[in-house]
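To start, the structure itself, in structure tokens.
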Number of protein chains: 4
Amino acid sequence: MSLNRFEAFSDGVFAIAVTLLVLEIKAPNLSQATSSEAITKLWQVFPHILSYSTSFIVIGVLWLNHQTLFHFLKRVDRTVLVINLLLLMCVAFIPYPTALLGEFGSSLPVVVFYGLSLALTGFVYNLLWFYVVHRYILTEGLIHPKATRQATLWSLSYPMSYLIAVGLAFVNLNLSLVLYVLIPLFYLLPGIIDRQLIEKLEEPSKARL
Amino acid sequence: MSLNRFEAFSDGVFAIAVTLLVLEIKAPNLSQATSSEAITKLWQVFPHILSYSTSFIVIGVLWLNHQTLFHFLKRVDRTVLVINLLLLMCVAFIPYPTALLGEFGSSLPVVVFYGLSLALTGFVYNLLWFYVVHRYILTEGLIHPKATRQATLWSLSYPMSYLIAVGLAFVNLNLSLVLYVLIPLFYLLPGIIDRQLIEKLEEPSKARL
Amino acid sequence: MSLNRFEAFSDGVFAIAVTLLVLEIKAPNLSQATSSEAITKLWQVFPHILSYSTSFIVIGVLWLNHQTLFHFLKRVDRTVLVINLLLLMCVAFIPYPTALLGEFGSSLPVVVFYGLSLALTGFVYNLLWFYVVHRYILTEGLIHPKATRQATLWSLSYPMSYLIAVGLAFVNLNLSLVLYVLIPLFYLLPGIIDRQLIEKLEEPSKARL
Amino acid sequence: MSLNRFEAFSDGVFAIAVTLLVLEIKAPNLSQATSSEAITKLWQVFPHILSYSTSFIVIGVLWLNHQTLFHFLKRVDRTVLVINLLLLMCVAFIPYPTALLGEFGSSLPVVVFYGLSLALTGFVYNLLWFYVVHRYILTEGLIHPKATRQATLWSLSYPMSYLIAVGLAFVNLNLSLVLYVLIPLFYLLPGIIDRQLIEKLEEPSKARL
């Protein structure tokens with residue numbers, strides 16, 4: 001099993017999923033509209049553009065982490081294949097809840113559905129991470145166990161934050177939507193703890209290169 | 001004819017076909033729906049998500065086998081090109097019967113159409129496998145003829161199991177649908193015989209690397 | 001300008017265009033249909049599947065020729081870039097006339113539009129071929145001028161045959177449609193003259209490898 | 001962070017965005033149309049084809065510049081990652097304003113929206129260019145500071161020309177549309193100053209190869 005073709009296939013699914021998001025933004029009907037009506041109708045597209053941008057960054061962040069993870073893989077075993085296929089299935093599904101959120105963002109079930117989809121994706125990513133940690137990173141001593149534990153907690157905090165956002169939806173829908181926008185931005189721009197982890201994580205991969 | 005570009009093109013078609021599946025899941029109209037109506041309508045999307053997941057794994061399994069097969073190719077001749085193009089045509093078509101099954105899963109002709117599409121895809125894959133076995137594997141002694149024969153039977157059992165599922169649709173539609181879900185899972189998680197075959201198949205390719 | 005990224009980008013466009021074809025096959029409405037009605041409606045999808053298959057092979061053949069052509073390129077100059085972008089623009093457009101032909105195959109203007117689109121694509125390919133022949137192949141003596149001339153005629157015969165099919169549409173629509181199916185198959189399965197050309201063409205590229 | 005996978009992912013998004021443009025061209029309904037009615041309706045698709053071609057070249061030009069820029073990158077840092085993700089988000093969005101322009105090209109807000117989308121994309125590209133210039137090109141002395149300044153002005157002129165086209169839309173809509181067609185063609189076919197810049201820019205990258 002060639003690691004290169006496996007990475008290329010995964011990258012392909014990430015790149016296609018992220019680009020398909022735009023197809024879910026429906027064009028308003030402006031055929032008989034005056035300029036001011038057209039502006040109003042175009043302005044109503046804004047929630048779609050917001051959910052497009054948010055999911056774009058979500059998939060981008062997942063791709064970045066996927067790539068970091070694969071630095072530790074030296075070969076692709078059957079278990080990695082199966083979990084990765086499951087992860088890609090979740091990633092390729094994201095355009096669907098994104099379209100729903102863009103169109104029916106004021107509907108509680110839709111907001112919950114979006115959050116649960118992303119939480120599930122995060123948990124499947126964690127499954128892949130756990131497997132790689134226990135099968136490759138710890139057994140081959142690629143990183144210090146303490147750094148691994150911190151990275152695992154960090155990784156788990158991602159789907160957990162979506163579950164919190166889902167819970168908050170029952171209290172205040174807008175609070176939940178704000179969290180959906182902020183969560184991927186937070187995981188895109190690493191904090192102090194994250195920087196340290198990244199340094200530690202990157203050292204062995206640099207050594208490998 | 002560069003083997004690399006040929007693999008990249010094939011991987012591209014597999015990755016795009018698998019990601020396009022999501023576009024066939026139609027969004028329900030929730031514009032005037034109450035929360036409980038929205039939940040009901042979202043729940044009705046479940047057959048779509050099931051057919052999405054099933055076809056995702058179908059294409060994933062085909063891609064895995066395609067990749068294994070290409071380990072044995074040292075160059076791309078015209079016959080491989082033509083059969084492979086035929087195979088990609090079948091793979092890229094899968095989103096269509098998947099959409100039909102998701103929307104009209106209780107219609108006998110649709111269930112039959114889905115099964116026949118996947119059986120045809122499987123047979124075209126077998127055609128490619130037969131050609132590679134007789135043109136490259138056996139003549140160059142890459143694997144023992146007995147292992148090749150077992151692998152051929154295994155490979156043939158895949159489209160045959162879809163034909164059985166199609167036949168069962170005339171007896172009981174649900175039985176057929178359950179089989180559609182199980183078949184790709186079965187070929188994803190290799191049994192005892194398959195493991196042995198994989199070991200034998202992988203040995204020469206490892207030697208090549 | 002890296003030849004690798006340029007090839008990868010071109011391959012990507014070919015692979016995506018060929019896979020997007022399936023999205024143009026519309027699903028019939030079978031929600032209230034009996035089994036026999038569903039069979040009738042599914043049977044009416046056949047022209048779509050035929051135009052899908054035909055255009056799939058068209059793009060496949062173009063990709064194969066594109067790949068052969070690029071064996072002769074050692075670097076990407078601005079002219080190649082511009083003509084290639086024009087070619088990709090034509091290739092990426094093919095799903096549109098394909099969708100029209102699948103749905104309105106009995107309309108003369110649609111049949112003419114399909115043929116003209118493919119003829120135009122063929123002429124742009126020829127433009128690229130002429131440039132590569134005069135800038136790289138002849139000046140660097142990669143192939144014998146006589147073989148180059150034969151290959152040029154062969155290449156020109158491709159868009160010409162589409163123009164003939166377009167002309168025949170005014171006499172008999174079905175004749176034209178049959179030609180549309182046969183032309184890509186003919187250029188996929190090389191005749192005696194083509195085989196000789198391929199041999200001659202492939203020699204220097206093999207030497208390069 | 002592997003530069004190769006990063007380039008492959010970016011190339012993928014560019015290639016997919018450019019190929020998805022065709023999906024935004026809606027098929028006219030010709031089911032009951034006579035030949036002359038069909039010709040009229042097909043002719044009305046022309047604005048769609050024009051906006052398709054224009055945006056195709058826009059994305060092509062952006063890809064070409066993106067590629068040149070990446071010649072100067074030796075590694076991918078977090079800042080490049082984030083700006084690049086923002087750029088890809090703008091590029092993947094282009095099919096949406098393109099669809100609007102094709103369908104409602106006589107609506108002032110739509111014409112303005114198209115121009116602003118492309119201007120924004122251009123500014124994000126400039127952000128990436130500024131960062132790469134100050135972090136890599138100038139500090140490592142890859143190009144002469146004077147040539148860098150000229151290239152920066154050239155790069156800034158691209159989004160500025162879209163802002164001018166947007167401004168002209170309020171005076172004369174057609175003038176604005178003509179500019180939209182001409183701008184990407186102008187940046188595709190380099191003028192005298194651009195040629196000199198390209199030469200200067202390409203020298204160090206050639207040296208690197």
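The values are calculated or read from the model by the stated rules, or taken from the named source; none is laboratory data. Note that the structure is predicted; figures quoted are calculated from it, not measured. No Cβ is skipped: glycine too gets one built from the backbone with ideal geometry, and neighbour counts run over all protein chains shown. In case anyone asks, the SASA skips ligands and DNA or RNA and just uses the protein heavy atoms, side chains included. Shrake-Rupley method; radii C 1.70, N 1.55, O 1.52, S 1.80 Å.
Observations
- For region B:68-119, the set of residues classified as closer than 17 Å to B:H48 by Cβ and within 7 Å of chain C (Cβ to nearest Cβ) consists of B:P95, B:Y96, B:A99, B:L100, B:E103, B:F104, B:S107, B:V110, B:F113, listed by residue number.
- Once region C:112-142 is narrowed to residues that are more than 12 Å from the chain's Cα centre (by Cα) and among the β-branched types (V, I, T), the residue that is modelled with the highest pLDDT is C:V112.
- Unmet criterion (only one of (1) at pLDDT below 95; (2) more than 11 Å from chain B (Cβ to nearest Cβ); (3) over 19 Å from A:D11 (Cβ atoms)) for A:I164: (1)
- Filter result (away from every other protein chain (no Cβ under 13 Å), open to solvent by less than 20 Å² (accessible area, probe 1.4 Å) and either under 27 Å from A:V58 (Cβ atoms) or of a type in the set (F, W, Y) (or both)) within region D:122-141: D:G122, D:N126, D:L128, D:W129, D:V132, D:Y136
- Qualifying residue in region C:116-130 (condition: free of Cβ contacts under 8 Å to residues at least 12 places away in the same chain and part of a helix (DSSP H, G or I)): no
- Residue match in region B:184-192 (condition: open to solvent by 20 Å² or more (accessible area, probe 1.4 Å), touching a Gly at 6+ places or on another chain (Cβ under 8 Å) and more than 30 Å from B:R75 (Cα to Cα)): no
- Restricting region B:9-30 to residues that are among the small types (G, A, S) and at the interface with chain A (Cβ under 7 Å from one of its Cβ atoms), the residue that is surrounded by the fewest Cβ atoms within 10 Å (Cβ to Cβ): B:A27
- Any chance C:A8 is modelled with pLDDT under 95, small (G, A, S) and under 20 Å from D:V61 (Cβ atoms): yes
- Residue among D:L100, D:L85 that alone is within 20 Å of A:W63 (Cα to Cα), in a helix (DSSP H, G or I) and at pLDDT 90 or above: D:L85
- Among the residues listed as B:I49, B:I57, the single one being closer than 26 Å to C:I39 by Cα and among the aliphatic types (A, V, I, L, M): B:I49
- Residue match in region B:40-52 (condition: over 25 Å from A:C90 (Cβ atoms) and within 14 Å of chain A (Cβ to nearest Cβ)): no
- Given (1) at pLDDT 95 or above; (2) in contact with a Pro (Cβ under 8 Å, 6 or more places away or on another chain), number of the condition D:R78 does not satisfy: (1)
- Residue identified as crowded, with 18+ Cβ neighbours inside 10 Å and touching a residue at least 60 places away in the same chain (Cβ under 8 Å) among A:L42, A:L50, A:L69, A:L100: A:L69
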